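What follows is a short report on a single structure.
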Amino acid sequence: MSWFARIRNVVLPNRLSDDLDRELSFHIAERIDDLVAHGMTPDAARREARRQFGNYALQKESTRDRDVFRWLETLLADLRYALRTLRAAPAFAIVAILSLALGIGANAAIFSLINAVMLKSLPVRQPEELMVVLRDSSKTATNPIWEYVRDHQDVFSGTLAYGQTQFNLANGGQVRNVDANWVSGAYFSTLGVRAILGRTLLPADDTRGCPAVAAISSSFWQTEYGGSGAVIGRTVSLDGHPFQIVGVIDPAFFGLDVGSHAQIYTPLCAKTIMNGNDKWIDARSTWYLHIVGRRKAGVTPAQASARLQLLMPGLVEATLPPKWPADAVARYQKAHMEVASVATGFSDLRTTFRKALFVLMTVVGIVLLIACANVANLLLARATKRQHEIAVRLALGARPARLIRQLLTESVLLAFMGAAVGIFFAIWGSRLLVRLMSTSGNAVALDLSLDLPVLAFTAAVAMATGILFGLAPAWRACRVAPHNAMKSQARGVADGHSRFSMGKALVVVQIALSLLLVVGAVLLLGSWRRLATVNPGFRSDHVLLLAADWRSGNESASPEQRSSLRRQMLERLRAVPGVRMASASELTPISGSGWNNDIKADGYTPAVRDDGLVWMNEVSDGYFSTMGTALVAGRDFNATDVPGAARVAIVNEALAQKVFGAHSAIGKHIQVANGNDFDPPIEIVGVVGNAKYESMRETPQPIAYISMAQDDDPGLSVNFEIRTVGPTTAIIPGIKAAVAQIAPRASLDFTTLDRQVAESLRLPRTLATLAGFFGVLALLLATIGLYGIMSYTVARRRNEIGVRIALGATQGRVIHMVMSEVGRIVGVGVIIGTLLTLSVTRLVSAFLYGVKPSDPATIVLSAATLAIVAIVAAMLPAWRAARLDPVTALREN
Amino acid sequence: MPKNKNDILQGTLALLVLKAIAAQGRMHGYAITAHIQRVSADLLRVEEGSLYPALHRMAQDGWLRAEWGVTEKNRQARFYSITAAGRRQLELEEESWARLRDGVQRVLRYA
């Protein structure tokens, strides 16, 4: 009977019962026909047939029992037996279960991350109906586009728009940011998300001139208000504006962005309150919204896309951004509208971490394979010990298939015990991973609760593992000829050569796989070290970064007042004791923010569009000396660069080289694009060394620095770089006091340049750490495997070695004999591993920096490390063999 | 209930069933009982109560293959046919039967 039929019998007993009924009633019908043919009346024939058949129900029961219970009973018996044998060898059981737990746990941990980031559906009503509106594959839209789509579409039963933001909870002083969402009025009703206290935001909350109201997340309610019922109606300060709390949202809901947890939801119209004007609401070039619709029943995504496309002419007219270059306008008019499923939500993590998670999944898969090989080896060794028992059972007529089944039950049981422990490793490990991926300013929040897919995955891995490592030993055990095995209680002299070829093959596989992981680890660790130590073109030590925002209380300041406020602030900071130098800038390097623009220069025409695109920054005087960036030619900004004077800029060497080639850039002019036009020319007065702008990985990018003192429309927030004499944190109180003298209500956000750089390297750091950890683990497991197999071989060959020593073999000769075998195993493993490595490491090339995936030095170094560790581990059994006392060894027989 | 004299000796049912199916090819349960009864000239009668559990056990052990089919009288019936494993088993059973028969005969003759 097939496995399918067996399982069906257990799961669907009725079906079986029907089958049996049919089979047995057929039998009775045939009997009746026979009896009638022999001259009986049909009635009598029926009675007779029944009588002959005996107790029908009992018959049926006993036949059915054969099918279902025999199978279950065997399974239970096998499980009982397996548990008993494991209890009899606790050391073996613990080692096997722990190594499997590590392997399976690591797999479950990475899978639960993949599940949380990529696979889980949003916790909303019928997430599969949710569609994002895409315009030329772009997910972001302006508020005018949203309003037009909302008012004119006919394919969605509900629509919503939202934008991600952060609000500062603190009212002046140290900044406390929380993740928040701007949401349209129908956001919650379209998603089908409820409030657990008060109400959600409603369409009535999202109208022009709306009052300042907010809904808060359940976790925010717990941490900020202790879960108090009196929270409704209280106000919360967001970026210095009071918002009234109207409700607490369902704890299962975290917003539509997987990886972040929105704590506060405010209506889109409240942007007016924050900005003091309607500019953002009507801005046609402010792209910050995602538009999502709930597909009407019966409307396919293709139909929805086609209907939305029909809106284009009207939409273009109502939303075309002003002052756009002609080609951009043409692209805007021809844009292609479509919808795509967002059942799993939006996520930046997906793009950032997809490859990394894939690499990690491969790594933990390999670790599990190595662990499997170890357990398989342990089982092989045990199977040899149990050979006598198995031989007796075979001789008594047990079918090999039955024995294999029983041995497999044992290994699958081991795997499931490993998985049960592994789940705990997984829970702990996946949370640790999320912490490693988070930065202080950007916490990653993921729902990592154990759900069905994770449990099913773990169970499937356990099942597959159990069969994988159990099959070889089980197969091996049942292929021995019973009479040989029973005889072998009296060990033959040269016994054990071929018997362990399978064990040795497993160790070869382990060495090959661990070489792969060691090479990967060396590559990734090297890349991270290079990234962390590369000269970024600035000196990141002893630099305190301060993002100051003094909008609050200065809303009506004139540009001159704002400019002078900045200057005064900078002068105060420079006077604080412990400050060596200070400067101000629009952006700080490696901050995740960037600003680029097209430029035009004397005698330079970009070869292609975008070729004139350069990174920009606006900086004060002293910026380069504070950051430790060398001034190569010309001068820094100084007190003569004032608003009325000739406009000046400083460029880096990459820009000077690209635009002016061999000619000196000093005295040349550049013009910065502004819509279709270019701003008036700016004179280059200095050239500075190249410095990293956006990431530590980038090659030198062209950067233009313009003068902050000449800004016509200075903002009310700015970054300060403060180079300190002593520890950076020590001067924070002094800085706070200095700022408070000028802008008492300013919000201040401190970090250090060192930390900013380190946080930009969190992905390579996490990958390198994990690769290093798993590389060492793999090396350890392979070494244990080699040690185990050599100890076993030596133990099995005691007699032979004893005879050799008795016949005059020296200790050196015996060591040589054992070690040459080790050499063969390691050699073959390293060769296979190298070939494997060459074909696989390309996978990590995206994460490498300054090294090729097939770097020969790395491979040689890793192979040598592995060989040395392996040989050292094998020295012990070799030495033991050499020290063997021939008399004792031979007497044992 | 006194034992019927043509009851089948414990352990030989499998032999008989396998032999019948090996000789006849595909058969349903009723045909098996009829065949054994006919070939043994009514000396042997297969009890339904033993036959069906035995058939299911043999199917589980992989000696027989079972499938639903239609008889000449257009009735649905479960047909059994022998597998390669079943043929090997049949050989073993025939051998052990021969040994048993010889043994019993010797005992009867010389004891």
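The values are calculated or read from the model by the stated rules, or taken from the named source; none is laboratory data. Everything numeric here is computed off the predicted structure, so don't read it as measured data. Here Cβ is always computed from backbone atoms with ideal geometry, including for glycine, and neighbour counts include all displayed protein chains.
Of all strands (runs of 3 or more DSSP E) completely enclosed by region A:638-689, which ones contain at least 3 residues that are farther than 26 Å from residue A:571 by Cβ and of a type in the set (A, V, I, L, M, F, W, C)?
Hits in region A:638-689: A:669-674.
For region A:841-865, which residues satisfy the criterion of being modelled with pLDDT under 90 and assigned to a helix (DSSP H, G or I)?
A:841, A:842, A:843, A:844, A:845, A:846, A:847
If we scan region A:294-315, do we find a residue that is touching a Gly at 6+ places or on another chain (Cβ under 8 Å), in a strand (DSSP E or B) and not aromatic (Phe, Trp, Tyr)?
Looking for residues that are touching a Gly at 6+ places or on another chain (Cβ under 8 Å), in a strand (DSSP E or B) and not aromatic (Phe, Trp, Tyr), one finds at least one in region A:294-315, hence yes.
Of the conditions (1) farther than 23 Å from residue A:19 by Cα; (2) among the polar types (S, T, N, Q); (3) in contact with a helix residue (DSSP H, G or I) (Cβ under 9 Å, 6 or more places away or on another chain); (4) surrounded by fewer than 17 Cβ atoms within 10 Å (Cβ to Cβ), residue B:89 clears all except one; give me its number.
Result: residue B:89 fails condition (4) only.
Being in contact (Cβ under 8 Å) with a residue 40 or more places away in the chain and under 30 Å from residue A:169 (Cβ atoms), is that true of even one residue in region A:764-771?
Within region A:764-771 (the criterion being in contact (Cβ under 8 Å) with a residue 40 or more places away in the chain and under 30 Å from residue A:169 (Cβ atoms)), the answer is yes, since at least one residue qualifies.
Report, by residue number, each residue of region A:582-602 that is β-branched (Val, Ile, Thr) and farther than 16 Å from residue A:679 by Cα.
A:588, A:590, listed by residue number.
Residues are listed down the side, and each one gets a yes or a no for (1) basic (Lys, Arg); (2) at pLDDT 85 or above; (3) touching a Leu at 6+ places or on another chain (Cβ under 7 Å):
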residue: A:15; (1), (2), (3): yes, no, no
residue: A:37; (1), (2), (3): no, yes, no
residue: A:47; (1), (2), (3): yes, no, no
residue: A:51; (1), (2), (3): yes, no, no
residue: A:55; (1), (2), (3): no, no, no
residue: A:58; (1), (2), (3): no, no, no
residue: A:73; (1), (2), (3): no, no, no
residue: A:82; (1), (2), (3): no, yes, yes
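So residue A:373 ticks every box in (1) over 15 Å from residue A:460 (Cα atoms); (2) modelled with pLDDT of 85 or more; (3) surrounded by fewer than 24 Cβ atoms within 10 Å (Cβ to Cβ) but one. Which box is left unticked?
So the condition that residue A:373 fails would be (3).
Does any residue of region B:86-99 turn out to be under 17 Å from residue A:24 (Cα atoms) and either in a helix (DSSP H, G or I) or at pLDDT 85 or above (or both)?
No, every residue in region B:86-99 fails to be under 17 Å from residue A:24 (Cα atoms) and either in a helix (DSSP H, G or I) or at pLDDT 85 or above (or both).
If the requirement is being more than 24 Å from residue A:74 (Cβ to Cβ) and not acidic (Asp, Glu), which of these qualifies: A:342, A:412, A:392?
A:342
When residue A:856 is evaluated against the numbered criteria (1) farther than 22 Å from residue A:695 by Cβ; (2) surrounded by 15 or more Cβ atoms within 10 Å (Cβ to Cβ), which criterion, by number, is the only one it fails?
Condition (2) is where residue A:856 drops out.
Are there any pairs with C-beta distances below 6 angstrom linking a residue in region A:292-317 that is under 19 Å from residue A:161 (Cα atoms) to a residue that is surrounded by fewer than 16 Cβ atoms within 10 Å (Cβ to Cβ), with the two at least 6 apart or on different chains, and if so which?
A:294/A:157; A:296/A:157; A:311/A:152; A:316/A:333
Give me a count of the residues in region A:761-801 that are more than 25 Å from residue A:95 (Cα to Cα) and of a type in the set (A, V, I, L, M, F, W, C).
Matching residues across region A:761-801 total 5.
Within region A:281-298, identify whether any single residue is surrounded by 14 or more Cβ atoms within 10 Å (Cβ to Cβ), out of contact with any Leu (no Cβ under 9 Å at 6 or more places or on another chain) and among the basic types (Lys, Arg), and answer yes or no.
yes
What is the one condition in (1) of a type in the set (S, T, N, Q); (2) assigned to a helix (DSSP H, G or I); (3) surrounded by 13 or more Cβ atoms within 10 Å (Cβ to Cβ); (4) more than 10 Å from chain A (Cβ to nearest Cβ) that residue B:105 does not satisfy?
If we test residue B:105 against (1) of a type in the set (S, T, N, Q); (2) assigned to a helix (DSSP H, G or I); (3) surrounded by 13 or more Cβ atoms within 10 Å (Cβ to Cβ); (4) more than 10 Å from chain A (Cβ to nearest Cβ), just (3) comes out false.
Among the numbered conditions (1) surrounded by fewer than 21 Cβ atoms within 10 Å (Cβ to Cβ); (2) not in a helix (DSSP H, G or I), tell me where residue A:748 comes up short.
Unmet for residue A:748, out of (1) surrounded by fewer than 21 Cβ atoms within 10 Å (Cβ to Cβ); (2) not in a helix (DSSP H, G or I): (1).
Report yes if residue A:100 is closer than 30 Å to residue A:782 by Cα, at pLDDT 80 or above, more than 8 Å from every other protein chain (Cβ to nearest Cβ) and touching a Ser or Thr at 6+ places or on another chain (Cβ under 9 Å), otherwise no. Even if it seems obvious, please write down each step before you answer.
Values: closer than 30 Å to residue A:782 by Cα: yes; at pLDDT 80 or above: yes; more than 8 Å from every other protein chain (Cβ to nearest Cβ): yes; touching a Ser or Thr at 6+ places or on another chain (Cβ under 9 Å): yes.
In short, yes.
State the number of residues belonging to region B:17-41 that are more than 9 Å from every other protein chain (Cβ to nearest Cβ), assigned to a helix (DSSP H, G or I) and not charged (D, E, K, R).
Number of matching residues: 12.
Given the options A:43, A:78, name the one that is within 30 Å of residue A:417 (Cβ to Cβ), at pLDDT 80 or above, more than 8 Å from every other protein chain (Cβ to nearest Cβ) and assigned to a helix (DSSP H, G or I).
A:78
Of the numbered conditions (1) under 28 Å from residue A:582 (Cα atoms); (2) touching a strand residue (DSSP E or B) at 6+ places or on another chain (Cβ under 7 Å); (3) surrounded by fewer than 22 Cβ atoms within 10 Å (Cβ to Cβ), residue A:705 satisfies every one except a single condition; which is it?
Just one mismatch for residue A:705, condition (3).
Could you tell me which of the residues A:185, A:163, A:173, A:158 is at positive phi and either touching a residue at least 60 places away in the same chain (Cβ under 8 Å) or surrounded by 19 or more Cβ atoms within 10 Å (Cβ to Cβ) (or both)?
Only one candidate passes the filter, namely A:173.
On the given criteria, is residue B:60 closer than 21 Å to residue A:23 by Cβ, buried (at least 17 other Cβ atoms within 10 Å of the Cβ) and either of a type in the set (Val, Ile, Thr) or without any contact (Cβ under 8 Å) to a residue 24 or more places away in the chain (or both)? Steps first, answer last, please.
Details: closer than 21 Å to residue A:23 by Cβ: yes; buried (at least 17 other Cβ atoms within 10 Å of the Cβ): yes; either of a type in the set (Val, Ile, Thr) or without any contact (Cβ under 8 Å) to a residue 24 or more places away in the chain (or both): yes.
Taking the combined requirement at face value, the residue satisfies it.
Would you mind finding the one in A:841, A:810 that is over 30 Å from residue A:524 (Cβ atoms) and polar (S, T, N, Q)?
Checking each option against the conditions leaves just A:810.
So residue B:68 passes all but one of these: (1) surrounded by fewer than 18 Cβ atoms within 10 Å (Cβ to Cβ); (2) in contact (Cβ under 8 Å) with a residue 12 or more places away in the chain; (3) touching a strand residue (DSSP E or B) at 6+ places or on another chain (Cβ under 7 Å). Which condition number does it fail?
Against the list (1) surrounded by fewer than 18 Cβ atoms within 10 Å (Cβ to Cβ); (2) in contact (Cβ under 8 Å) with a residue 12 or more places away in the chain; (3) touching a strand residue (DSSP E or B) at 6+ places or on another chain (Cβ under 7 Å), residue B:68 comes up short only on (2).
Mind checking which residues of region B:58-78 are under 19 Å from residue A:26 (Cα atoms) and at the interface with chain A (Cβ under 10 Å from one of its Cβ atoms)?
Of everything in region B:58-78, those that are under 19 Å from residue A:26 (Cα atoms) and at the interface with chain A (Cβ under 10 Å from one of its Cβ atoms) turn out to be B:59, B:65, B:66, B:68, B:71, B:73, B:75, B:76, B:77, B:78.
Quick one: would you say residue A:124 is under 16 Å from residue A:274 (Cα atoms), modelled with pLDDT under 95 and under 29 Å from the mean Cα position of the chain (by Cα)?
no
Inspect region B:42-51 for any residue being away from every other protein chain (no Cβ under 12 Å) and either surrounded by fewer than 16 Cβ atoms within 10 Å (Cβ to Cβ) or in a strand (DSSP E or B) (or both) and give the result as yes or no.
Yes, the conditions are met somewhere in region B:42-51.
Is it the case that residue A:242 is modelled with pLDDT of 90 or more, out of contact with any His (no Cβ under 6 Å at 6 or more places or on another chain) and part of a loop (DSSP other than H, G, I, E, B)?
It is false that residue A:242 is modelled with pLDDT of 90 or more, out of contact with any His (no Cβ under 6 Å at 6 or more places or on another chain) and part of a loop (DSSP other than H, G, I, E, B).
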